[in-house]
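Inspection log for the structure reproduced underneath, given as structure tokens.
We did not get these values from a lab; they are worked out from the coordinates using the rules stated. Since the model is a prediction, treat every value here as computed from it, not as a measurement. FYI the Cβ positions are ideal-geometry reconstructions off the backbone, even for glycines, and counts take in every protein chain you see.
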Amino acid sequence: MKLIIQVPCYNEENTLPAAIEALPGEMSGVDFIEYLVIDDGSQDKTAEVARRCGVHHVVNLSKNQGLAAGFMAGLDACLQLGADIIVNTDADNQYCGADVEKLVRPILEGRADIVVGERPIDDIEQFSWLKKKLQRLGSWVVRVASHTNIPDAPSGFRAFSREAAMKLNVVSGYTYTLETIIQAGRKNMAIISVPVRTNPVSRESRLFRSMGQYIKQSIFTILRIFVMYNPLSFFLFLGLCFFGAGFLIGLRFLVLMFAYNDSTGHVQSLLLAVALILIGVQTMILGLQADLISANRKIMEDVQYCVRRLFYDKKDRSALEKDTLQ
Ligand SMILES: Nc1nc2c(ncn2[C@@H]2O[C@H](COP(=O)(O)OP(=O)(O)O)[C@@H](O)[C@H]2O)c(=O)[nH]1
Ligand SMILES: [Mg+2]
């Protein structure tokens, strides 16, 4: 059983040593623990510091690609290195390294495919009231969209089984945290949450430079996730709103014309009614098209999973074939 703990990094030379130091070196039920750092085009000495701290693998991305791409590059490397379990943690030592075991245990016991660490958000003094509320709102939207009950969706402290890591796929360039939970829920993976401890915040967030940016990104991400994973209901709802408004305005026109014999004027409202009804119908058709695209996406994801299995488990497969032939 091999556990690889991956740490996505962007200019983390100052906090990385403390984060690595806190990680466990051994664990019951695990034969090997290795650390992997993703150096996402850092301008400082992140990679050098990582090696000095005893990190076993460093994935170098020559240009900064953002956290989601860094996370996926890490997963890819861990799978290639034969990890049975992959843990993701932050380089700012935000999460308590000793709690890695709490994340890994349910996977070792076969109770979960993905385990998300739940931070005591209300007790984190450095998080503003607004940030706490936005995190709660984001988590709620993710719970609704994913049909899971993960209380802390933006948490980056999590563990994945090899099988789960092979099924994941992140489209958003900005964050992987919300999208992966939704995929896990939709693909019927066993995803659970365990409470974890956090350390005091050691520096400002690298992901959000200001509250305005945080709000903008959160709303955009949540909206995008909703449209991406529920296109039919989203566009049908939107289309029905337009259609309903057009219908009511059109009805008013007809009532005025037939019940009150008022056929003068009201051309503007008739035009508005027709335009709204047309927009409504078009939007609903868009929903059907988006639904077809999302069905295609599911097929593509299945194909991608098969390709990954063939690619990553080639060695296991040839061993298996040898066994069967003998
Ligand atoms: N690969 C990659 N990782 C990043 C980037 N920006 C931040 N990170 C890493 O993502 C993790 C979370 O960042 P952090 O600033 O602590 O965000 P917060 O905890 O959500 O406020 C840390 O390990 C960062 O080094 C980036 O552009 N690329
Ligand atoms: Mg952090």
**OP:** Return Trp129, Trp140 ranked ascending by Cβ neighbour count within 10 Å, so the fewest neighbours appear first.
**Re:** Trp129, Trp140
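Working out 0.36 nm times the residue gap between Ala245 and Arg51, then minus their Cα-Cα distance, what length gain in nm do you get to one decimal?
Values: separation 194, 0.36 × 194 = 69.84 nm, distance 6.28 nm.
Taking 0.36 nm per residue and subtracting the Cα distance, the gain is 63.6 nm.
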**OP:** Provide the gained length on full extension for the span Leu286 to Cys306, in nm with one decimal, where the gain is 0.36 nm per separating residue minus the Cα-Cα distance.
**Re:** 4.2 nm
**OP:** Would you please give the residues with an amide H less than 5 Å from that of Asp44, counting only those at least 5 places away or on a separate chain, with H modeled from the backbone geometry?
**Re:** Asn11
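Only helical DSSP H runs with n ≥ 4 go in: add -39500 (n - 2.57) per run for the chain, normalise by residue count and round the 222 nm mean residue ellipticity to 500 deg cm²/dmol.
Details: 11 runs with 175 residues, N = 326.
My calculation for the chain gives -18000 deg cm²/dmol from helical runs alone.
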Original post:
Per-residue HN-Hα couplings for the stretch 157-172, Karplus 6.51 cos²θ - 1.76 cosθ + 1.60 at θ = phi - 60°, whole Hz, x for Gly and Pro?
Top reply: 9, 7, 10, 10, 6, 4, 4, 5, 4, 6, 8, 7, 7, 10, 9, 4
Original post:
Out of Pro120, Pro24, Pro106, any idea which swings most in a Gaussian network model of the chain, alpha carbons joined below 10 Å?
Top reply: Pro120
Original post:
Restricting the count to DSSP beta bridges whose residues both fall in the chain, what percent are antiparallel, rounded to a multiple of 5?
Top reply: 30
Subject >> Sequence-distant lysines (8 or more away, or on other chains) whose Cα lies within less than 24 Å of Lys216 >> reply: Lys131, Lys132, Lys133
Subject >> Under the span-like rule (Cα at least 24 Å along the axis, Kyte-Doolittle mean at least 1.6), DSSP H helices of the chain >> reply: 231-258
Original post:
Non-local amide H neighbours of Ile5 (under 5 Å, H modeled in plane, Pro and chain starts lacking H): which ones?
Top reply: Glu34, Tyr35, Leu36, Val87
Subject >> Derived scalar couplings ³J(HN,Hα) [the stretch 187-197; Karplus, 6.51 cos²θ - 1.76 cosθ + 1.60; whole Hz; x for Gly, Pro] >> reply: 9, 6, 7, 7, 10, 10, 10, 10, x, 10, 9
Original post:
Which far-off residues, 5 or more places away or on another chain, put their amide H under 5 Å from the one on Val59, with H placed in the peptide plane?
Top reply: Val37, Ile38, Asp39
Subject >> lysines whose Cα lies under 22 Å from that of Lys298, excluding same-chain neighbours fewer than 8 positions away >> reply: Lys167, Lys187
